[in-house]
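Accompanying notes for the structure given below.
The values are calculated or read from the model by the stated rules, or taken from the named source; none is laboratory data. Quantities reported herein were computed from a predicted structural model and do not represent experimental measurements. Glycine also receives a Cβ, built like all others from the backbone with ideal geometry; neighbour counts cover every protein chain displayed.
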Amino acid sequence: MTCPEESGRREKNQSSTDNWFVRDVMKELIFAGGSHYGLAGYLSVCNFFDRVYLIKDNPIEILEKKRSQDVLIDGFMEIDCKTVFLCGYSRLITNKELEKKDFINVHGALLPKYRGMHATFYAIMNGEEKMGITFHIVDRYMDSGPILKQYCFDYENQTIQEINDNIDALVFQFAGEVLDSYCSGLITPCPQNEDDALFGARRNLDDCLVDFTMNNLMIKRFFRALTPNYPYPMLMIRGEKYELLPDVKVIERKYYGPLGRVVFINEDGVWIKTSEGFIVVKKVRKYGAEKEELLENIVPIGFRFT
């Protein structure tokens with residue numbers, strides 16, 4: 001998934017004739033990363049840029065890989081370098097900074113879908129068949145700037161960690177190339193279609209509680225979407241949150257009954273009524289603890305989860 005190829009070819013041909021005389025100019029870039037795919041982005045741009053200016057609040061795993069020719073800086077305005085690459089960087093960019101520099105961001109979703117935080121969670125919950133990344137220009141609004149390039153892979157029920165690994169691989173493979181092409185004038189930015197925009201949001205632990213009104217399809221997606229590095233899905237038991245450990249069964253058996261209540265316990269586990277049947281839970285773990293417990297030892301038949 002890329003921007004129109006024809007315009008890219010025209011620009012490339014023009015660049016090869018008009019810009020031949022700048023080949024010996026040192027290629028420089030400002031880099032600000034985060035713990036998620038930041039290191040992959042830095043290693044990638046190092047293959048294309050002679051010098052990278054690293055913001056000092058980059059994660060330690062990035063700073064430890066700093067090349068001898070790269071330079072630590074306190075802020076974006078400290079040096080006269082026009083282009084800034086944001087790669088998992090969480091701080092919002094001010095309008096004043098946007099006026100002075102060209103900011104390029106890589107977002108872990110196929111924009112304009114799932115702007116904002118926790119894009120992968122919302123993509124899974126909405127049944128997306130493809131995951132990927134988007135390189136885009138940063139403007140004053142969240143993840144809404146023109147697209148430079150997109151790269152994707154098929155979603156086949158991978159865990160969150162496997163998805164993150166795939167995203168890291170795409171960032172490592174393409175970040176340097178995209179930034180180099182942009183700085184060389186070889187990419188025409190493509191405006192996003194605002195009619196297709198979808199938005200995520202910051203999630204907290206309460207958002208990990210099982211919603212018993214969801215249908216079975218959404219419950220299955222919920223359990224696929226919440227795997228490490230996220231917490232597992234949770235139940236609230238007497239004011240304490242408990243993670244539901246893997247191998248929860250989702251059973252379809254449609255009838256009117258008491259949602260969110262324990263209706264049966266057997267060797268398979270604790271049966272909790274949902275809108276289209278049951279989830280059957282064997283083992284749980286109090287959030288933040290290491291000890292695993294059998295749910296049947298914690299709640300009786302008739303217990304209502306809130």
Test each condition in (1) surrounded by 21 or more Cβ atoms within 10 Å (Cβ to Cβ); (2) touching a Lys or Arg at 6+ places or on another chain (Cβ under 9 Å); (3) of a type in the set (A, V, I, L, M, F, W, C) for Val171 and report the one that comes out false. (2)
Being among the β-branched types (Val, Ile, Thr), over 30 Å from Lys27 (Cα atoms) and touching a residue at least 40 places away in the same chain (Cβ under 8 Å) is true for just one of Ile147, Ile163, Ile187, Ile167. Which residue is that? Ile163
Phe153 - would you say it is surrounded by fewer than 20 Cβ atoms within 10 Å (Cβ to Cβ), part of a strand (DSSP E or B) and in contact with a Leu (Cβ under 8 Å, 6 or more places away or on another chain)? yes
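Mind listing whichever residues of region 127-141 are assigned to a loop (DSSP other than H, G, I, E, B), touching a residue at least 40 places away in the same chain (Cβ under 8 Å) and either closer than 19 Å to Glu99 by Cα or touching a helix residue (DSSP H, G or I) at 6+ places or on another chain (Cβ under 6 Å) (or both)?
The answer is Val138, Asp139, Arg140.
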Per the list (1) assigned to a strand (DSSP E or B); (2) touching a Cys at 6+ places or on another chain (Cβ under 7 Å), residue check on Pro231 breaks on (1)
Confirm whether Gln173 is assigned to a helix (DSSP H, G or I) and under 13 Å from the mean Cα position of the chain (by Cα). no
Looking only at region 8-43, filter to residues that are among the small types (Gly, Ala, Ser) and touching a strand residue (DSSP E or B) at 6+ places or on another chain (Cβ under 9 Å); which one of those is modelled with the lowest pLDDT? Gly8
